[in-house]
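Here the structure comes first, spelled out in structure tokens, and everything after it is commentary.
Only the coordinates and a few stated rules stand behind these numbers; no lab work does. In this text, all values refer to a predicted model and were calculated from it rather than measured experimentally. FYI the Cβ positions are ideal-geometry reconstructions off the backbone, even for glycines, and counts take in every protein chain you see.
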Amino acid sequence: MAQTRRKRQTKHRGNAAGVVESRGRTGRKPTAAEKSGKASDIAREREKLLDKRDRPPTWRGAFVKSMFATVVMLLIVILVLKQSNQAIGLFPIVIVLYTLVSYYTDKWIYDRRQRNKAKRGGGGKAASR
């Protein structure tokens, strides 16, 4: 059976030439940077906010990295050495050790980067210490 109700359409007002013009922005108010229209400034600000190296390391991130490394190691041991029982037994020990090493390595790199940024005068959290 054919549909009897038509979907509601948005209003389009054509001009004298018949061209339909869009309504313009209807969402949130644009920020000052968006109003100025300097795309390079906006991109630079986004890059500053998203720079992963400036975020302190987390135990969760270290655990995810170590989980990946441990699974790869487990597969290699099982496929190459064919000693699955020993590899599965070492899994918990290896994942704890990899997590510790990964976290403290990331922390060392983060602290070193923050110290170098403070020396250069790059601002940020380390400069305010």
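What the table shows:
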| read-out | value |
| --- | --- |
| Test for Arg46: is it in a helix (DSSP H, G or I), basic (Lys, Arg) and closer than 30 Å to Thr31 by Cα | yes |
| Output for segment 107-123, where each listed residue is surrounded by 16 or more Cβ atoms within 10 Å (Cβ to Cβ) and either closer than 9 Å to Pro57 by Cα or in contact with a Gly (Cβ under 6 Å, 6 or more places away or on another chain) (or both) | Tyr110, Lys117 |
| Residue in segment 84-106 that is of a type in the set (Ser, Thr, Tyr), closer than 22 Å to Asp54 by Cβ and loosely packed, with under 14 Cβ neighbours inside 10 Å present | yes |
| Selection count, segment 49-73, where residues are part of a helix (DSSP H, G or I) and either over 30 Å from Asn85 (Cβ atoms) or not small (Gly, Ala, Ser) (or both) | 17 |
